[in-house]
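Quick notes on the structure that follows.
The values are calculated or read from the model by the stated rules, or taken from the named source; none is laboratory data. Note that this is a predicted model, so its numbers are computed, not measured. Note that we place each Cβ from the backbone using ideal geometry, even for glycine, and neighbour counts take in every protein chain shown. Note: areas computed on protein heavy atoms with side chains; ligands, DNA, RNA excluded. Shrake-Rupley method; radii C 1.70, N 1.55, O 1.52, S 1.80 Å.
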Amino acid sequence: MVIRLPIVTTQPLPRHTGDRIEDTFGRRVSYLRVSLTDRCNYRCTYCMPEDVTFRPRAELLTFEEIVRLVTVFVELGVRRVRLTGGEPTVRNNVVELTAMLAAIPGLDELVMTTNGHLLAELAGPLAEAGLRGVNVSIDTLDPAQFASLTRRGDLGRVIAGIDAARAAGLEVKLNAVALHGVNDGEVAALCDFAWARGTTVRFIEHMPMSGGQLFAPARELSAAAIRAAVEARYGALAPSPSRDHRGPSRYWHLVEDPAREVGIISAMTEHFCEACNRLRLTASGELHACLGHDDATSLRDVVRAGGSDDDVRAAIGASVHGKRAGHEFQRSGVGGPSKHMVSIGG
Ligand code: SAM
């Protein structure tokens, strides 16, 4: 059954597991990204300014608030939750929180996006707690470039984290923000690195968050340029037949060896808004129906004002109802939200 949620209602809102919510453009919401903290142990240059200020800890949702909200989302049809940040692994007691979330009835898949810095220690406990997989960000295989791009990152630790995640049985994918003049010469090497580990790298086009201030049009590395770089090294690519090509990550495989795939998340040059099925909950409880706009609804305010689960459902309904047709990112760098990516969670 598909349920269209009204903006304002005095009627009880749907609570059955299995119901699904749909926005005014007919897109069903089934995927929620939950930021556990806006703090990060890295300072990636394309993601945040060096002197970024984080929110006071009292503003963050508590574990009980996160579990309550995610439970309501799951009752409304969310099936897949991705933990993000900031850096999710720097949230105190992240393993305990993961176990609490993994136990929510009706949640099919709990996964995480991480910079991998703490994964060597945490991959095993997170897997035991019920985490299914990790997407690890790794933009370059050059240690000096990595240190400079992340402003404090340690490539060796990240690679150890990737290997620990695989050893722990987590499904591992790699993410690389594609930047001309930074890692355009490493497209094939990053593919090789992923394939050697039995995984796939997904290249992400840079998006103009932060009011466009961290964005430079000259650094655009488009989906077409990424495919051309792979083809120059490995020969023709074809769309992977087993994959859903409507989602954010579109997968291609080598015609000569279909087992070797590459993903491209192309919000800028080949956007996928018409198939967007996701919502984003920030660490301080703001619900963003679209990454590309500052529009947000505070679920924390509803909860802390003593709101019932029906009140939470009504607030989620209003947010889904207001989900825009698409982002307004422009390749000139304007049109995005004023928030930094680190404060929404990617
Ligand atoms: N700290 C975690 C990590 O590094 O994966 C999770 C949060 S991070 C904001 C999520 C993803 O967003 C990372 O893969 C990061 O590289 C990517 N990202 C950050 N800023 C971006 C931007 N302006 N455009 C595209 N991707 C971006």
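Structure data summary
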{"quantity": "D142-S242 pseudo-label distance in nm [points 7 Å out on the Cα-to-Cβ vector]", "calculated": "3.5 nm"}
{"quantity": "Computed lengthening from E270 to R55, 0.36 nm per intervening residue step minus Cα-Cα distance", "calculated": "74.0 nm"}
{"quantity": "Point-to-point label distance, R233-D295, nm (Cα→Cβ direction, 7 Å offset)", "calculated": "4.0 nm"}
{"quantity": "For the chain: relative contact order, % (alpha-carbon pairs under 8 angstrom, 6 or more apart)", "calculated": "22 percent"}
{"quantity": "For the range 318-325, Karplus couplings with θ = phi - 60° (6.51, -1.76, 1.60), whole Hz, Gly/Pro x", "calculated": "5, 5, 5, 4, x, 4, 6, 4"}
{"quantity": "Amide H contacts of R202 (H built 1.01 Å from N, under 5 Å, at least 5 apart or other chain)", "calculated": "L174, N175, A176, G263"}
{"quantity": "Simple spin-label estimate for A188 and E96 in nanometres, 7 Å along Cα-Cβ", "calculated": "5.0 nm"}
{"quantity": "Shape call, the range 228-334: gyration tensor on alpha carbons, a/c limit 1.5", "calculated": "prolate"}
{"quantity": "Cut-off under 5 Å, modelled amide H: who pairs with H340 long-range", "calculated": "S210"}
{"quantity": "Environment charge at A144 (Cβ cut-off 14 Å; Lys +1, Arg +1, Asp -1, Glu -1)", "calculated": "-2"}
{"quantity": "Rounded percent of accessible protein surface that carbon and sulfur make up, the range 126-259, 1.4 Å probe", "calculated": "50 percent"}
{"quantity": "Relative contact order of the range 202-266, defined on C-alpha pairs under 8 angstrom at six or more residues apart (%)", "calculated": "35 percent"}
{"quantity": "Cβ-based net charge around C44, under 11 Å, with every Lys or Arg adding one and every Asp or Glu removing one", "calculated": "0"}
{"quantity": "Heavy-atom accessible area per residue - the range 97-145, 1.4 Å, Å²", "calculated": "35 Å²"}
{"quantity": "DSSP bridge pairs, the chain: antiparallel proportion in percent, nearest 5", "calculated": "30 percent"}
{"quantity": "Estimated [θ] at 222 nm from DSSP helical runs (n ≥ 4, -39500 (n - 2.57)) normalised by residues in the chain, nearest 500", "calculated": "-8500 deg cm²/dmol"}
{"quantity": "Rounded to 5, percent antiparallel among DSSP beta bridges of the range 121-246", "calculated": "10 percent"}
{"quantity": "Calculated diffusion of the chain, Stokes-Einstein form, Kirkwood radius summed over Cα pairs, 20 °C and 1.002 mPa s, µm²/s", "calculated": "105 µm²/s"}
{"quantity": "For the range 109-120, 3J(HN,Hα) per residue [Karplus equation, 6.51 cos²θ - 1.76 cosθ + 1.60, θ = phi - 60°, Hz, x = Gly/Pro]", "calculated": "8, 10, 9, 9, 10, 9, 7, x, 4, 10, 6, 4"}
{"quantity": "For E171, residues with placed amide H under 5 Å, excluding near neighbours", "calculated": "G133, V134"}
{"quantity": "Karplus (6.51, -1.76, 1.60) ³J(HN,Hα), θ = phi - 60°, over the range 192-197, in Hz, Gly and Pro reported as x", "calculated": "4, 4, 5, 4, 4, 9"}
{"quantity": "Calculated FRET value between R219 and V255, using beta carbons and R₀ = 30 Å, to 0.05", "calculated": "0.50"}
{"quantity": "Theoretical gain in end-to-end length, R197 to A103 [0.36 nm per residue, Cα-Cα removed]", "calculated": "30.9 nm"}
{"quantity": "Å² per residue, accessible surface of the range 187-346 at 1.4 Å", "calculated": "39 Å²"}
{"quantity": "Added length on full extension, which subtracts the Cα-Cα distance from 0.36 nm per residue, A305 to T62", "calculated": "86.0 nm"}
{"quantity": "Three-way shape label, the range 49-133, alpha-carbon gyration tensor, a/c 1.5", "calculated": "oblate"}
{"quantity": "Percent RCO, i.e. relative contact order, over the range 133-176, from Cα pairs under 8 Å lying at least 6 residues apart", "calculated": "58 percent"}
